[in-house]
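Notes follow once the structure below has been shown.
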Amino acid sequence: MIRNFRLAMAQMNPTVGDIDGNTARIIEYVEQARESQADLVAFPELAITGYPPEDLLFKTSFLQANVEAMQRVVAAARGIAVVVGYVEVGDSATGVDIANAAAIGYDGQLIDSYRKMYLPNYGVFDEDRYFRRGDECPVYRINGVGVGVNICEDIWYPVGAIAVQREAGAELIVNINGSPFHAGKSAHREKMIGTRAADNGLFVAYLNLVGGQDELVFDGASLVCDMTGDVCCPQPCLLPRNCW
Ligand SMILES: NC(=O)CC[C@H](N)C(=O)O
């Protein structure tokens, strides 16, 4: 059962490559969410770098700046939990060892880094080119509530992270997205998220970014589904919106 848990979702429009600009806005929203007494504030998939960063990911200086930005966001999140999409950089000596990740911070400390498990590699997506996949999907207890975090494609499969996180005690799933628009997609997503929520008997918060990047348009349309699958907090299409 969820008890008085306030989730803030920033349906924002990050700019690909503008790490400093994106981070300044993220920190401003963290402060607003804390003032609203949110328990947790969430930001979309790769919100720090913008999505999709593509071959910027081959630049070491870009990766390093993104890690430092994530650390600034986490440090700014005093008195609140934060989930923010960034690129995790591993310490492999053999070359590229990066993951499409979500940093989980609590009261100014980095608690964990969740790595996306299902990397889309079809149509407009080529995430296998860049990222290694994750293989762990923990549950965090945040102010008394079991919270599982996962990233976009992870929730599109019934047997993905969500089923494991439910078994591990999750009551709320925070799924952060960079999900592009096509005709009919928001209705399809709404049905899919409702099915996941109802099948697993938990709340699912679906947070998508907005804006355009080359040929892609991200439509937002974030929402929360309750444990019966009903949508309880629909957000607008194609507009930035902070919901808390
Ligand atoms: N960023 C992603 O993982 C996107 C893939 C997902 N199936 C979508 O289009 O919403």
### Mean accessible surface per residue for the chain, computed with a 1.4 Å probe while every protein chain stays in place, in Å²
42
### Query
If you take the square roots of the eigenvalues of the alpha-carbon gyration tensor of segment 81-181 and sort them as a ≥ b ≥ c, do you get rounded (a/c under 1.5), prolate (a/b over b/c) or oblate?
oblate
### Message
Rg and Dmax in Å for segment 59-117, alpha carbons only: what are they?
### Response
11.7, 39
#### Entry: GNM flexibility winner over the chain from T60, T228, T49 (Cα, springs under 10 Å)
T60
## Note on the structure
Here segment 31-137 gives, from Cα atoms, an Rg and Dmax in Å of 14.2, 45
### Task
Please compute the Cα-Cα pair-distance distribution of segment 1-83 with 10 Å bins starting at 0, giving whole percents from short to long.
19, 48, 25, 8, 1
### Task
In nm, give the distance between the simple-model label positions of R129 and A75, each being 7 Å from the Cα along the Cα-to-Cβ direction.
3.4
### Query
Any idea what the relative contact order of the chain is, in percent, if you count C-alpha pairs under 8 Å spaced at least 6 apart?
18
### Query
In the Gaussian network model of the chain, springs joining C-alpha atoms below 10 Å, which of S179, S61, S113 carries the largest mean-square fluctuation?
S61
### Task
Using a 1.4 angstrom probe on the protein heavy atoms only, line up K185, K116, K59, K191 by accessible area, largest first.
K191, K59, K185, K116
### Message
Using +1 at the C-beta of Lys and Arg and -1 at the C-beta of Asp and Glu, which of G50, A163, C225 has the Cα lying farthest in the positive direction of the dipole of the chain?
### Response
C225
### Summary
Compactness summary of the chain: radius of gyration and Dmax from Cα atoms, Å, are 16.2, 47
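Leaving out ligands, DNA and RNA, what percent of the accessible area of segment 1-87 is carbon and sulfur, probe 1.4 Å? Write out the running numbers ahead of the final one.
On the way: 1560 of 3430 Å².
On segment 1-87, the fraction of accessible area on carbon and sulfur atoms equals 45 percent.
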### Summary
Using the Cα gyration tensor of segment 136-199, the equivalent ellipsoid's semi-axes, largest first and to the nearest Å, work out to 23, 11, 10
### Sequence-separation-based contact order of segment 69-173, relative, with Cα cut under 8 Å and 6+ spacing, percent
20
#### Entry: Max mean-square fluctuation residue, GNM over the chain, Cα-Cα springs under 10 Å, options A47, A187, A205
A187
### Task
Beyond 19 Å, what share of the Cα-Cα pairs of segment 128-244 is found? Please give it as a whole percent.
46
### Task
Show the residues, 5+ positions off or on another chain, whose built amide H is closer than 5 Å to the amide H of R78.
G108
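Between D20 and A168, what is 0.36 nm times their sequence separation minus the Cα-Cα distance? Round to one decimal in nm. Write down the numbers at each step before the final one.
Values: separation 148, 0.36 × 148 = 53.28 nm, distance 3.61 nm.
So the chain would gain 49.7 nm between D20 and A168.
The values are calculated or read from the model by the stated rules, or taken from the named source; none is laboratory data. As the structure is a prediction and not an experimental result, all values here were calculated from the model. Please note: Cβ atoms are built from the backbone with ideal geometry, for glycine as well, and neighbour counts cover all protein chains shown. Just the protein is used for accessible areas: all its heavy atoms, side chains included, with ligands, DNA and RNA removed. Shrake-Rupley method; radii C 1.70, N 1.55, O 1.52, S 1.80 Å.
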